[in-house]
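Okay, so here's the structure we're looking at.
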Amino acid sequence: MQKLFQMLLAIDRRIIFLIILLALSIPIFLHMSINIDVTKEVQTFYNAMEALPAGSRVLVSCDYDPGSEPELQPMAETGFRQLIKNHIKFVVMGLWPQGQMQANKALNVINEAKGRYIIENGDTLIVGRDIIVVGNDTIRYGRDFVNLGYQSGNELVIQRMGTSIRAAFPNDARYGRPLDSYPIMGGLNKLSDLDFIFNLSAGYPGTVEWVQFAVDRFHVACGAGNTAVQAPQVYPYLDTGQLTGLMGGMKGGAEYEKLTGFKAKATMAMVSQTAAHIFVVLFIIIGNLAYFMTRGKARKR
């Protein structure tokens, strides 16, 4: 038994790294699944989005960069799927410079028809950019969704949008045209004209600022998806009713996917993450056990 424990202590770390790699990758290739319990805050967010009637207009603010993509991008993709499925129009923006690009990337991922284009009224509409096809639903840029882009100013941008969206974003980010040229913006002049705000946040500016200004000052309901690090900071807003649902980290994204039925990246990542955590804990237990079992023999020497 002593020799066995000594062998365990002498295992090359590269073997351990290989085992962790296999634990992370095998569940993905085998499409394995685990039971995911849905928390109250994620259920609240899903219910709020599901309760929006067809034709409602939602602001999607992507306030994160590629560094937070593993946690927040699955939420964005699932959120867009739910909006499109329920025929809800959405306006995309970002308080972070890379936010609009993350939104475009999410829409491109969920789009099911690529490599085609159509000419309409002199405009070249590219499928996957101007026309998004998800299942039996097709949405068109300018009519069903629009991208306002990024505007510097942090929470000042939110305050400006509270009185006039066009004061903050005179033109859209894709074509640089006045917002009034797009049907989706008809009658949409300020934040209070929106039916809901969906914020994806990795820090400042993000969910805290949307709650403090859009919710408290302009009385627009807001639900959010945050990184696991930031989520504890905004949980108090759930208790006060200022935040309408919250998804925290990869687990929150997996719960959201379970509710919508769109099992994708977050669900697969949770399986891999769980397997890796199990092996890490086992290695810690085995390592400590082997150390204590061989310590007495080392002292005798």
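Return the aspartates and glutamates within reach of residue 85: Cα separation strictly under 19 angstrom, same-chain partners fewer than 8 residues apart disregarded; answer none if there are no such residues.
Result set, ordered by chain and number: 50, 77, 112, 130, 137, 144, 195, 255, 257.
Out of all DSSP beta bridges with both ends in region 8-133, state the antiparallel percent to the nearest 5.
40 percent
Excluding residue 113 itself, what net charge comes from residues whose Cβ is under 14 Å from its Cβ, given Lys and Arg +1 and Asp and Glu -1?
So the environment of residue 113 carries a net charge of +1.
Nearest 500 deg cm²/dmol is fine: what mean residue ellipticity at 222 nm does the chain get from its DSSP H runs of n ≥ 4 alone, each adding -39,500 (n - 2.57), divided by its residue count?
Rounded to the nearest 500, it is -14500 deg cm²/dmol.
Can you tell me which of 74-86, 90-102, 48-60 comes out highest on packing, and rank the rest after it, using the mean Cβ neighbours within 10 Å?
Ranking, from highest mean packing down: 74-86, 90-102, 48-60.
Please report, in cubic angstrom per residue, the volume enclosed by the convex hull of the alpha-carbon atoms of region 1-157.
Each residue corresponds to 217 Å³ of Cα convex hull volume.
What number, in percent, do you get for the relative contact order of the chain if the mean sequence gap of Cα pairs under 8 Å and at least 6 apart is divided by its residue count?
25 percent
What does DSSP give for region 35-262 in terms of the percent of beta bridges that are antiparallel, rounded to the nearest 5?
25 percent
Calculate the FRET efficiency for residue 192 and residue 152 from the Cβ-Cβ distance with a Förster distance of 35 Å, rounded to the nearest 0.05.
Efficiency for this residue pair is about 0.90.
Putting +1 on Lys and Arg Cβ atoms and -1 on Asp and Glu Cβ atoms, find which of 39, 88, 159 reaches farthest to the positive end of the dipole of region 35-262.
Farthest towards the positive pole: 88.
Count the net charge of all other residues whose Cβ sits under 11 Å from the Cβ of residue 136, scoring Lys and Arg as +1 and Asp and Glu as -1.
Counting the neighbours of residue 136, the net charge comes to -1.
Whole percent per 20 Å bin, from 0 to the bin with the longest distance: what is P(r) over all C-alpha pairs of the chain?
With 20 Å bins starting at 0, P(r) equals 31, 47, 17, 5, 0.
Treat every Asp and Glu Cβ in region 1-117 as -1 and every Lys and Arg Cβ as +1, leave all other atoms uncharged, and give the resulting dipole magnitude about the Cα centre to the nearest 20 debye.
Around 300 debye, computed over region 1-117.
Taken together, the values in this text are just the output of simple stated rules run on the coordinates, not laboratory data. Predicted model, so just to flag it, every value in this text is computed and none were measured. Positions of Cβ are backbone-derived with ideal geometry, glycine not excepted, and every protein chain shown enters the neighbour counts.
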